[in-house]
Amino acid sequence: MRFTVAIDGPAAAGKGTISKAVAAHFGFAHLDTGLLYRAVARRVLDGVAPLAAAQALQPEDIARDDLRTPEVAQAASRVAALPEVRAALVAFQRGFAARAGGAVLDGRDIGTEICPDAEVKLFVTASDAVRATRRHAELIGNGHDIGLAQVLDDLRARDVRDAARATAPMKQAPDAVLIDTSDLDIGQAVAAAIAAVSGKITGEKAE
């Protein structure tokens, strides 16, 4: 069975957690597409040209343990705005989405650009304050010394870049189900996503 779930949304809204949970629940493969851009960004910070970094991306680049830093996050947002970088990574993402057995992809432009024909599209969001608090706790937990105000500023700056870029800007697809996690715990958010996917699967089986 080929069944694609596209999950988009801004940073720290919970789409990564939701995507992993949905994939595990249905036995689908999962791809955090943001890691592709973080891996490219990490190589760019190491001195490699953006396009060359994207074209030569290897599985071990995505598995690096230094991709979750604020520096890499900001660099990822910048390289993701480059059309040539996005083009170099499109084929990889679409190939993953088309694999047999089902696939869940999360990112910024999955439902609008990468997989516009996905069977299910979700847009996961939350308020700026909630997202900043979550990301700040994550960064502090990982040993980063950064203030909440700086995290909020970084998130807002990234949101502007992601939504305003000329190529594949971040936005909710017209047919995407909106899940606002501001007032939801993890269990509630995951349940909402699973319900949306289950409804579509049930509907297809009934046709």
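Rounded to the nearest Hz, the phi-derived 3J(HN,Hα) couplings of region 80-96 under the Karplus curve 6.51 cos²θ - 1.76 cosθ + 1.60 (θ = phi - 60°) are 5, 7, 8, x, 5, 5, 4, 4, 5, 9, 4, 4, 4, 5, 5, x, 5, where x marks glycine and proline. Spin-label model, D46/I186: points 7 Å from Cα along the beta carbon direction are separated by 3.0 nm. Mean projection of the Cα convex hull over all viewing directions, computed for region 4-196: 10.2 nm². With contacts taken as Cα pairs under 8 Å at a separation of at least 6 residues, the chain carries a relative contact order of 33 percent. Computed about the Cα centre, the dipole magnitude for region 4-196 is approximately 260 debye when only Lys and Arg (+1) and Asp and Glu (-1) carry charge, each at its Cβ.
No lab work stands behind these numbers, since they all come straight from the coordinates. All values reported here derive from a predicted model rather than from experimental measurement. Don't worry about glycine lacking a Cβ; one is built from the backbone with ideal geometry, like all the others, and counts go over all protein chains shown.
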